[in-house]
Structures are given as C-alpha cells and as structure tokens.
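The values are calculated or read from the model by the stated rules, or taken from the named source; none is laboratory data. Here the structure is a predicted model, which is why all the values come from computation and not from measurement. Backbone-built Cβ (ideal geometry, glycine too); neighbour counts: all protein chains shown. For the accessible areas, the whole protein counts, side chains as well, though only heavy atoms, and no ligand, DNA or RNA atoms are used. Shrake-Rupley method; radii C 1.70, N 1.55, O 1.52, S 1.80 Å.
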Amino acid sequence: MGALRPWARYGLLAVAHLLALGLGATVLQALEGPPALRLQANLRAELATFQAEFGACLPAGALEELLGTALVAQAHGVSSLGNGSEARNWDLPSALLFTASLLTTTGFGHMAPLSAGGKAFCVAYTALGLPASLALVAALRHCLVPLLSRPGAWVATRWQLPPPRAALLQAVALGLLVVGVFVLLPALVLWGVQGDCSLLEAIYFCFSSLSTIGLGDLLPGRGSGLHPVLYHLCQLALLGYLLLGLLAMLLTVETFSELPQVRAMVKFFRSSGPVNAEDEGAILGQDELALSTMPPSAAAPAQVPAC
C-alpha cells in the first residue's frame with residue numbers, strides 16, 4: 001500500500017467513497033421502501049373512503065386541487081392546521097430560529113421565504129453571515145482548545161502516559177462528554193416534552209441537527225398543541241442549542257482530527273516525500289500547545305546529569 005502513487009491513492013479513496021454511497025443507498029432503499037409503500041397505500045385508501053362518502057358533494061378534482069394547494073403551502077412552512085402557536089411563522093422567535101438555521105447551515109426546511117425579496121435577502125445574508133460565523137467559531141476555538149487541553153495534560157502528567165495515548169484519551173473523553181451533554185441529555189428532554197416522538201427519534205433529531213443535516217421531519221414543539229408561549233420558548237431553546245452544540249461538535253471534530261492516528265491516515269493519501277515547512281510548522285505548533293497546557297513541572301522536566 002505504501003508503494004502506491006498519489007493518484008492511485010486518491011483513486012482508491014474515491015472508489016471507497018462511491019462504494020459507501022452505494023451501500024448507504026441500498027440499505028436505505030431496503031429499510032424505507034416498504035414503509036413508504038404502506039403509507040402510500042394507506043393514503044390512497046383514505047382518499048378513496050373520503051370520496052366514497054363525500055364525493056357526491058364535491059366537484060370532480062376539487063379534493064385533489066385543495067390537497068395540492070395545502071401541500072405547496074406546507075412546503076413553505078405555512079399551514080392552517082394546529083393551534084395558534086404555529087399560525088404565524090414569521091414572528092420574532094421563528095425568524096430568529098430560521099436565521100440561525102441559515103448561519104449554521106442546518107436548514108431544517110420547516111419554513112422558507114415566499115417573496116422574491118425574502119429569497120434575495122437570504123442569499124445576501126447567508127453569503128455575508130457564513131464567513132462571519134466561521135470567523136467567530138475560529139476565534140472561540142482558539143480560546144477554548146487550550147482550556148480543553150489542560151485536563152488531558154494533567155492526566156498525562158499524573159499517569160505518565162505517552163503523548164499519543166494521552167491525546168487519544170482526551171479526544172475520547174471530550175467525545176463522550178459532548179455526546180452525553182448535547183445528544184443524550186437533550187434527547188431525553190425532547191422525549192419527555194414532545195410526547196409524540198420516541199427516544200430514538202429524539203436522538204435522531206439531535207444528531208441530525210448537530211451534524212447540520214437538518215432534515216426537518218421533526219421539530220420540537222411543532223404539531224404538539226403547545227401553548228404559544230411554550231412554543232416560542234421551545235424555538236428559543238432550540239436556537240441556543242444549535243449555537244452551543246455546533247461549537248461543541250466542531251471542537252470535538254478538531255480534537256479527533258489532530259490525533260496521530262488520524263494524521264497518519266491523512267498523510268497516507270499525500271504525496272510521498274520529505275516533511276515540508278507546512279508540516280514542520282504544524283508539528284511545532286502542536287508541541288507548543290501541548291507544552292503551554294502542561295504544568296510547569298511537566299513542561300520543564302529535570303535534567304538528568306550525564307555519567
């Protein structure tokens with residue numbers, strides 16, 4: 001494997017990615033195809049029952065036209081169903097959640113601009129807001145990474161662990177902390193508040209939100225008949241959850257990407273050759289970060305006199 005040329009390694013990576021895409025599509029087709037067919041059959045049966053009972057009172061094609069209009073409106077997040085908490089989609093809490101979904105690239109899809117001016121503003125707002133959001137995340141990461149490295153450095157000094165094992169232990173601990181605080185705990189809260197979703201669906205929502213997939217098929221408070229005040233509080237809570245959770249996820253991904261095992265795997269797909277200045281700078285930067293986060297006694301070990 002080490003004798004492969006760079007173009008062969010990239011080709012191998014592309015083939016593996018395509019195989020992974022095919023495998024995912026095949027599994028989803030097998031899992032989701034039968035339930036979708038059953039749901040479609042149930043819908044057709046309901047429509048047939050409705051037309052049999054009330055078809056004499058409706059003109060031909062009136063029901064299909066009404067359903068088509070309702071589905072088009074639903075695609076933009078507008079619906080006349082439910083209580084008053086969801087009647088106004090563009091109040092301040094809903095607009096804040098929508099802008100947060102734009103700047104975090106989550107895009108739940110629960111609502112969308114209807115006017116041409118709104119669509120043009122979304123394009124300009126996202127084009128300017130995304131770089132600003134990335135700059136903010138980079139600044140916060142620069143401040144938080146040294147703080148998060150101190151417990152790992154203390155444990156490594158205390159237990160006399162080698163640097164690769166200490167880095168792996170720190171990454172695993174941070175990953176478990178983020179999963180517990182930003183996935184499992186919010187999923188339990190959502191499961192208890194929502195009422196009409198299972199624990200698996202709540203975990204699925206939390207993970208899809210923090211991974212910026214944002215499928216939008218489940219949204220806290222939506223369709224659960226909550227009081228308008230509680231519904232808006234759910235939206236504001238989701239706004240804060242997105243901002244803090246995405247920062248935690250990015251810090252976790254950054255921590256795992258700096259592991260020696262991950263860097264060795266990435267280096268395998270680079271062109272073989274001597275270490276360049278960029279790689280030397282990255283190595284020196286990591287060493288400086290590790291030394292800056294270790295206690296003074298660990299950063300400057302005692303010199304052993306030569307015999």
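Any idea how far apart TRP159 and GLN51 come out in nm if each label point goes 7 Å out from Cα toward Cβ?
Computed distance between label sites TRP159 and GLN51 equals 6.7 nm.
As a test of reading the structure, rank SER94, SER198 by solvent-accessible area (1.4 Å probe, protein chains only), most first. Walk me through the intermediate numbers first.
Values: SER94 5, SER198 50 Å².
Order by accessible area, largest first: SER198, SER94.
With every protein chain kept in the model, how would you rank CYS234, CYS143, CYS57 by accessible area, 1.4 Å probe, largest at the top? List each step's numbers first, then the result.
On the way: CYS234 30, CYS143 85, CYS57 110 Å².
Largest accessible area first, the list is CYS57, CYS143, CYS234.
Could you calculate the FRET efficiency of TRP90 with LEU243 from 1/(1 + (r/R0)^6), where r is the beta carbon distance between them and R0 is 22 Å, rounded to 0.05?
0.60
From the Cα trace of the range 1-50, what convex hull volume per residue do you get, rounded to a whole Å³? Before the final figure, lay out the partial values.
Working: hull volume 2.7 nm³, N = 50.
Cα-based convex hull of the range 1-50, divided per residue, equals 55 Å³.
Put TRP7, TRP90, TRP159 in order of accessible area, largest first, 1.4 Å probe: what do you get?
On the way: TRP7 185, TRP90 120, TRP159 165 Å².
These residues rank, largest area first, as TRP7, TRP159, TRP90.
With every protein chain in place, what's the accessible area of TRP154 (1.4 Å probe, Å², nearest 10)?
Accessible surface of TRP154 is approximately 140 Å².
Between ALA8 and SER257, what's the calculated FRET efficiency when r is the beta-carbon distance and R0 is 22 Å? Round to 0.05. Show your work: numbers first, answer last.
Numbers: r = 24 Å, r/R0 = 1.10.
The pair ALA8/SER257 has a calculated efficiency of 0.35.
I want to check the label-to-label distance for GLN40 and LEU102. Put each point 7 Å from Cα in the C-beta direction and report it in nm to one decimal.
Result for the modelled spin labels: 3.6 nm.
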